[in-house]
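Structure first, then comments.
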Amino acid sequence: MLAVRDSGDRAAFARLFDFYAPRVKAMAMRGGTPAGLAEDIAQDVMLRVWQARAQFDPTRAGASAWIYRIARNRRIDIARAAPPPLPEALMPVPGPDEATAALALAEEVGRLRAALRTLPEGQRAMVERAYLGELTHQEISRATALPLGTVKSRLRLAIDRLRHELRELRR
């Protein structure tokens, strides 16, 4: 890596490429990336290594750590650029008439309230503020003086728990 950084040695880069490209591809595939996209990631990473070779500092990290960090960041960039998953399809309310639909809805609301009561206080408060109070994560963070990451974590954990508690409603 030092020969690549210091003198732009193409032969040294070819050896670096031959060694790391398959490992970067394997790392991406272990993370669930399809083979074709993993190959593209490996190519992008190695191109970035060549372009940013002057930024390599062996006192801060070894070559492998530096290259794998570039690969990790590339995978994150690709994941962020992907469209968000579509929400699960809502099941139609059973029954043809409005009275049956109203009863089914009331039953679902009751189950949701019961599931909300099972959440820890911190998670329940986040769900109520986000979904009932219609506040953004940033607004909740400011109102509670909690870090934004804590707000997002509590909401994610709460939604996962509610999804588990209410799984029979999705059938």
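The values are calculated or read from the model by the stated rules, or taken from the named source; none is laboratory data. Quick caveat, the model's predicted, so the values are computed rather than measured. Glycine also receives a Cβ, built like all others from the backbone with ideal geometry; neighbour counts cover every protein chain displayed. The area values use the complete protein model at the heavy-atom level, side chains included, leaving out ligands, DNA and RNA. Shrake-Rupley method; radii C 1.70, N 1.55, O 1.52, S 1.80 Å.
When Leu119 is tested against (1) at pLDDT 85 or above; (2) within 30 Å of Leu157 (Cβ to Cβ); (3) loosely packed, with under 14 Cβ neighbours inside 10 Å, just one condition goes unmet, and that condition is (3).
On inspection, Arg124 fails the criterion of being of a type in the set (Lys, Arg) and in contact (Cβ under 8 Å) with a residue 40 or more places away in the chain.
Table: residues versus (1) of a type in the set (Gly, Ala, Ser); (2) farther than 17 Å from Gly8 by Cβ; (3) buried (at least 19 other Cβ atoms within 10 Å of the Cβ).
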| residue | (1), (2), (3) |
| --- | --- |
| Tyr20 | no, yes, yes |
| Val24 | no, yes, yes |
| Arg30 | no, yes, no |
| Leu37 | no, yes, no |
| Asp40 | no, yes, no |
| Asp44 | no, yes, no |
| Leu47 | no, no, no |
| Trp50 | no, no, no |
| Ala54 | yes, no, no |
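Checked against the criteria, Ala130 counts as modelled with pLDDT under 90 and surrounded by 14 or more Cβ atoms within 10 Å (Cβ to Cβ).
Hey, any hits in region 137-152 for a residue that's open to solvent by 50 Å² or more (accessible area, probe 1.4 Å), under 20 Å from Val109 (Cα atoms) and assigned to a helix (DSSP H, G or I)? No, the conditions are met nowhere in region 137-152. When every residue of region 21-28 is checked against the conditions, none turns out to be more than 25 Å from Ile159 (Cα to Cα), basic (Lys, Arg), at pLDDT 85 or above and more than 27 Å from the chain's Cα centre (by Cα).
Given the criteria modelled with pLDDT of 80 or more, of a type in the set (D, E, K, R) and either more than 30 Å from Arg154 (Cα to Cα) or exposed (fewer than 10 other Cβ atoms within 10 Å of the Cβ) (or both), does Glu107 qualify?
For Glu107, the condition - modelled with pLDDT of 80 or more, of a type in the set (D, E, K, R) and either more than 30 Å from Arg154 (Cα to Cα) or exposed (fewer than 10 other Cβ atoms within 10 Å of the Cβ) (or both) - is not met.
Of all the criteria given as (1) of a type outside the set (Val, Ile, Thr); (2) surrounded by 14 or more Cβ atoms within 10 Å (Cβ to Cβ); (3) in a helix (DSSP H, G or I), the one not satisfied by Asp160 is (2).
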